[in-house]
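Comments concern the structure below.
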Amino acid sequence: MSPLATACSVPTSPDRPPTPPAPESLAYSLTLPAAPHSPAVVRAATRTFLRTHGLSGMTDAAVQVASELTACACAFAPASEVYLSLRYRDGTLRVVLYDGHPRHTHPRLAAACDTRRRATLRVLGCVVRACAGDWGFGDAREPGGGTRMWAVLPHAAACRFAQGGERAGERVTPPSEQAGRTD
């Protein structure tokens, strides 16, 4: 046995052949400063992650969703950092954002804060609805608390969104066209 060998050997590259990135292996987490430049960083990173994992068709919707969640978290975060998670599983992209803003215990404060957060996420709601996805926010289950915001984008519908496609017989309207609409 060589003097460098140990009982706990670490696999070397010949022991473990490289596996090309695939959609199902998309799993990234980022800790970002709660700063005005963080949504731009998230947009660039999300584009790169999706392209690397063969999910470029989802880019328009996913970048918009990740950016909107990040901007909202940065606006509400009392701490200096926010946490982003991107995962692709079972044909859907899951985007989760944690900020340190605690959920209010007083009912009127909680309702006012939720209304403000929902208004901040209006464009996100339009994109997620156009992609037949789901979104929401609530208590973070992490130590230290805060708020957890999330969005789920089905792959096929997010790709149709980017192409201005149709869902269930209706046109998928990009958020730029939806901004003035009231449903």
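List of remarks:
- For the stretch 139-180, the set of residues classified as at pLDDT 90 or above and open to solvent by 20 Å² or more (accessible area, probe 1.4 Å) consists of R148, W150, V152, P154, H155, A156, C159, R160, listed by residue number.
- Condition check for A27: within 22 Å of F137 (Cα to Cα), at pLDDT 95 or above and loosely packed, with under 15 Cβ neighbours inside 10 Å: yes
- Cβ-Cβ under 9 Å pairs, at least 6 apart or on other chains, the stretch 96-121 side touching a residue at least 60 places away in the same chain (Cβ under 8 Å), far side basic (K, R): D99/R148
- Enumeration of residues in the stretch 64-104 that are outside any loop (DSSP other than H, G, I, E, B) and small (G, A, S): A66, S67, A71, A73, A75, S85
- Count of residues meeting criterion [among the β-branched types (V, I, T), part of a helix (DSSP H, G or I) and more than 14 Å from the chain's Cα centre (by Cα)] in the stretch 11-63: 1
- Boolean, D114 is open to solvent by less than 50 Å² (accessible area, probe 1.4 Å) and in a helix (DSSP H, G or I): yes
- A44 falls short on exactly one of the conditions (1) within 24 Å of Y98 (Cβ to Cβ); (2) in contact with a helix residue (DSSP H, G or I) (Cβ under 8 Å, 6 or more places away or on another chain), and that condition is (2).
- Search result, residues across the stretch 86-102 that are of a type in the set (D, E, K, R), open to solvent by 20 Å² or more (accessible area, probe 1.4 Å) and either over 18 Å from T46 (Cβ atoms) or modelled with pLDDT under 95 (or both): D90
The values are calculated or read from the model by the stated rules, or taken from the named source; none is laboratory data. A quick note: this is a predicted structure, and the numbers were derived from the prediction, not measured. Don't worry about glycine lacking a Cβ; one is built from the backbone with ideal geometry, like all the others, and counts go over all protein chains shown. With ligands, DNA and RNA removed, areas are computed over all heavy atoms of the protein, side chains included. Shrake-Rupley method; radii C 1.70, N 1.55, O 1.52, S 1.80 Å.
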